[in-house]
Amino acid sequence: MARYHIETYGCTSNRGESRQIERKLRDAGHRPVDGPSEADVAIMNSCTVVEKTERNMLRRAEELQAETADLIVTGCMAIAQGEEFAEAGIDARVLHWDEVPNAVGNGECPTTTAGTEPILDGVVGILPIARGCMSDCSYCITKHATGKIDSPPVEENVEKARALVHAGAKEIRITGQDTGVYGWEEGERKLHRLLDRICTEIDGDFRVRVGMANPKGIHGIREELADVFAEHDELYNFIHAPVQSGSNDVLGDMRRQHQVDEFVEVVETFDDRLDYWTLSTDFIVGFPSETDHDHAQSMALFRETRPEKVNVTRFSKRPGTDAADLKGLGGQVKKDRSKEMSELKQQIVGEAYESMVGETREVLAVEEGTGDSVKCRDGAYRQIIVQNASERGVEVGEFLEVEVTGHSTVYAFGEPV
Ligand code: SF4
């Protein structure tokens, strides 16, 4: 697990968000260290209240970048003026605060669920459908804690989902280390069957978000899965399938179970069935055996599949994993590759948000945002922020229509219509 250093600037809202980031990091097994030089990753929760603060933020980010291998900036300046870090030559990952916990790590699947009991948090119901995975990735430390997949019956998960909806959940988040291998140990992958039954058998107005599913697990059921997504409006048209590399050689060394073609076939199947959907994926850059050619293949895959939500992680060694024994690449190589990929990410994600401006979308108001704003999700799970929510009478848990009026680097802004 990673060693992190976090610095928070600005108002109480930023401090609250940093506390939540820290809680999630500790739950996932990461640990704080005394300063940036001892950390695998430094996190700067930024403020941009006046121009002087802005200059201070850029200066501090520059110092942090020099002291740590990996810098994440979040908070107000990251959201409002995220491009300024790149313009100042600062190599940082610019993220919304709730993306930070998953971005810290080494590409492992998150272990945020201790068991498979559901949790209701506001109008969000978290439903872990299984525990463990079917893989043995060479860089993963999570696996030691979670073991092989253990899948409760479909019936049991449907009943848990029903209980969440009856208790007030409007968004059900299906989670697990790898939701795509749900049922694998019994010889039948059944994520699509579970989703179909949740959408068909549970009464009420709710949305379902499917959490991380590795490409191998969903490749074998891609047709059935895409059909279920196309059939049910309750499902957000969103999949998170971490490909990690565009090179089959590197995937082999990572001991990922999929090949690049399988990932592409999953994407093509969803493209065929759905007009509007979001692909989310993860890339690890700078894996010890990654050559320039391998990296170029990852960039080409990124351009070809155009994921609109992407986690780019710089490889770092974790004790006790097989990949920790491999001779690593130099820090500068990893930085350069990460920068190149992050720039492409900004371009593709920016184009995706830009294409939404002027359109009207039905959204679900999922949770409160900073100040008097609410965070909403459209049908493809893209985040749209409605500001001055109380003045406009928008409440968490409500479905509404919004017109998209603009965007930042990590989400769009909308006005109720
Ligand atoms: S799929 Fe790979 S990275 Fe994810 S928990 Fe399993 S072994 Fe770890």
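The values are calculated or read from the model by the stated rules, or taken from the named source; none is laboratory data. None of the values given here were measured: they were computed from a predicted structure. Quick reminder, even Gly has a Cβ in these numbers, built from the backbone with ideal geometry, and neighbours come from all protein chains shown. Please note that ligands, DNA and RNA were not included when accessible areas were found on the heavy atoms of the full protein model with its side chains. Shrake-Rupley method; radii C 1.70, N 1.55, O 1.52, S 1.80 Å.
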Virtual spin-label span in nm between Ala296 and Ala163, 7 Å along Cα→Cβ: 5.5 nm
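Just tell me, in residue order, which DSSP H segments of the chain are both 27 angstrom or longer along the helix axis (alpha-carbon based) and at least 0.5 in mean Kyte-Doolittle hydropathy.
None pass (Cα extent of 27 Å or more, hydropathy at least 0.5).
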Portion, in percent, of the accessible area of the chain that falls on carbon or sulfur, probe 1.4 Å: 45 percent
Potential extension, Ser390-Glu362 segment - 0.36 nm per residue separation minus Cα distance: 8.2 nm
Free-standing Cys, the chain [no other Cys Cβ under 4.7 Å]: Cys11, Cys47, Cys76, Cys109, Cys133, Cys199, Cys376
Solvent-accessible ranking of Trp277, Trp184, largest area first, probe 1.4 Å: Trp184, Trp277
Of all DSSP beta bridges in the chain, antiparallel share, percent nearest 5: 35 percent
Burial ranking of peptide ranges 169-175, 370-376 (average Cβ count within 10 Å, highest at the top): 169-175, 370-376
Inter-label distance for Ala88 and Asp372, nm, one decimal - labels placed 7 Å from Cα along Cα-to-Cβ: 3.1 nm
Sorted peptide list for 96-103, 38-45, criterion being average Cβ within 10 angstrom, highest first: 38-45, 96-103
In Å², nearest 10: area of Tyr4 left accessible to a 1.4 Å probe: 0 Å²
The chain - Rg and Dmax from Cα coordinates, angstrom: 20.5, 61
Residue of Glu265, Glu201, Glu17 that the Gaussian network model of the chain assigns the largest fluctuation, springs spanning Cα pairs under 10 Å: Glu201
Residue pairs, from the table Lys216/Lys339; Lys309/Lys345; Lys24/Lys148; Lys309/Lys339, whose Cα atoms sit over 18 Å apart: Lys216/Lys339; Lys24/Lys148
Whole-number accessible area per residue in Å² for the chain, which is evaluated in the context of all protein chains at 1.4 Å: 41 Å²
Cα-based Rg of region 302-368 normalised by 2.2 N^0.38 Å, two decimals: 1.63
Debye, to nearest 20: dipole size of region 357-416, +1 on Lys, Arg Cβ, -1 on Asp, Glu Cβ: 220 debye
Unit charges on C-beta of K, R, D, E only; dipole of the chain, Debye: 1360 debye
